[in-house]
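Asks: I am attaching a structure below and will ask some questions about it afterwards.
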Amino acid sequence: KKKFGESGLIYLGKGYVKMGQYTSLSNKIFMDVARSHVVLVAGKRGSGKSYTLGVIAEELSNLEKEASQNIASLIFDTMGIFWTMKFQNQKDRILLGEWQLKSKNLPVKVFVPFGHYNTYLENNIPIDEKFALEVNEMNPEDWILTFGLDIINPVSVLIERIITGLREENNFDINDIISNLKKDTQTSQEIKNATIGLFEAAKTWGVFSSKYEKGTQIKDLVSAGAT
């Protein structure tokens, strides 16, 4: 506090006190973002977890340039709700006024899976760029975790062997994985079919690039903030 003062603080809201039947707001609550933290936001459905994350993201974007240029906000938005920060919150402008806050557009950059990019455009969702993961950057353990498998599962053993062999070639994609699975002679057809099915499903996710396309780099995601 002596070193930074109020620099690098974001405003989360206010605490509240309860006295008998009355509840009232009390002191403002700030979060220090001048250094790193590990934070867990927990609660039951509808209790405000996503809202809290939205407040944190908004406040990070409101920091003075000296502080904001050292912080990159990256949200993996699996529910598709944070892109609305691109627009002013006119619905709650009266409530915002009571908190001495103003409705504003935030500098959100929205990335979507390249395989679903056109669908978002057709539905008039404001998006900025596509993203794609490079398959050859994923090791066998990544795939095993992605598919929710146990490490000793026969399918996991097959994935480990096939991916390890392909990684020697440096450049490959899901089609190459499936092709090598089909040619494998050391595993039963039942296990091979189950494994091929998983990778066929992964193709439909629209997040993995082919070996002829360049995947998205981390620096591209965090350079200007992204959702």
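Asks: If each of residue 2 and residue 190 carries a label point 7 Å out from its Cα toward its Cβ, how far apart are those two points in nm?
Replies: Label-label distance for residue 2 and residue 190, simple model: 7.0 nm.
Asks: Tell me the mean residue ellipticity at 222 nm calculated for the chain from its helices only (DSSP H runs of n ≥ 4, each -39500 (n - 2.57), averaged over every residue, nearest 500).
Replies: Working: 9 runs with 80 residues, N = 227.
Taken over the chain, the calculation gives -10000 deg cm²/dmol.
Asks: Further question on the same structure: Excluding residues fewer than 8 places away in the same chain, name every one of the aspartates and glutamates whose C-alpha is closer than 14 Å to that of residue 182.
Replies: 190, 200
Asks: Give me the percent of accessible area attributable to carbon and sulfur for the chain, probe 1.4 angstrom.
Replies: 53
Asks: In debye, nearest 20: dipole of the chain around its Cα centre with unit charges on the Cβ of K, R (+) and D, E (-)?
Replies: Values: 27 positive and 27 negative charges, 249 e Å.
That gives a dipole near 1200 debye.
Asks: Test of understanding: extend the Cα→C-beta vector of residue 205 to 7 Å, then name every residue of region 135-162 with backbone N under 11 Å from that spot.
Replies: 135, 142-148
Asks: Place +1 on the Cβ of every Lys and Arg and -1 on the Cβ of every Asp and Glu in region 82-227, take the dipole about the Cα centre, and give the residue among 172, 96, 132 whose Cα lies farthest towards its positive end.
Replies: Projecting each Cα onto the dipole axis, the largest value belongs to 96.
Asks: Please give, to one decimal in nm, the separation of the simple spin-label points placed at residue 183 and residue 77, each 7 Å out from Cα toward the Cβ.
Replies: Inter-label distance under the simple model: 4.3 nm.
Asks: Could I ask something else about it? Can you flag which of 2/109; 2/104; 86/214; 130/192 are past 30 Å Cα-Cα? Could you put the intermediate results ahead of the total?
Replies: Details: 2/109 35 Å; 2/104 32 Å; 86/214 28 Å; 130/192 32 Å.
Among 2/109; 2/104; 86/214; 130/192, the Cα-Cα distance tops 30 Å for 2/109; 2/104; 130/192.
Asks: Extension gain residue 17-residue 123, at 0.36 nm per residue separation less the Cα-Cα distance, in nm? Provide the component values of the computation, followed by the final result.
Replies: On the way: separation 106, 0.36 × 106 = 38.16 nm, distance 4.43 nm.
Once the chain is fully extended between residue 17 and residue 123, it gains 33.7 nm.
Asks: Pick the calculated Kirkwood radius over Cα pairs in Å for this structure from (i) 20.2; (ii) 21.3; (iii) 17.5?
Replies: Correct label, based on the coordinates given: (ii).
Asks: Moving on. Quick one: length gained pulling residue 218 to residue 90 fully straight, 0.36 nm per residue minus the C-alpha distance?
Replies: So the extension gain works out to 42.7 nm.
Asks: Once each part is reduced to its C-alpha centroid, what is the distance from region 120-176 to region 72-100 in angstrom?
Replies: 32
Asks: With a 10 Å radius around each residue's Cβ, average the other Cβ atoms per peptide and rank 159-168, 8-17, highest first.
Replies: Numbers: 159-168: 16.4, 8-17: 14.5.
The most tightly packed comes first, giving 159-168, 8-17.
The values are calculated or read from the model by the stated rules, or taken from the named source; none is laboratory data. For clarity, every value in this text was computed on a predicted model and none was experimentally measured. Ideal geometry is used to build each Cβ from the backbone, glycine not excepted, and the neighbour counts take in all protein chains shown. Note: areas computed on protein heavy atoms with side chains; ligands, DNA, RNA excluded. Shrake-Rupley method; radii C 1.70, N 1.55, O 1.52, S 1.80 Å.
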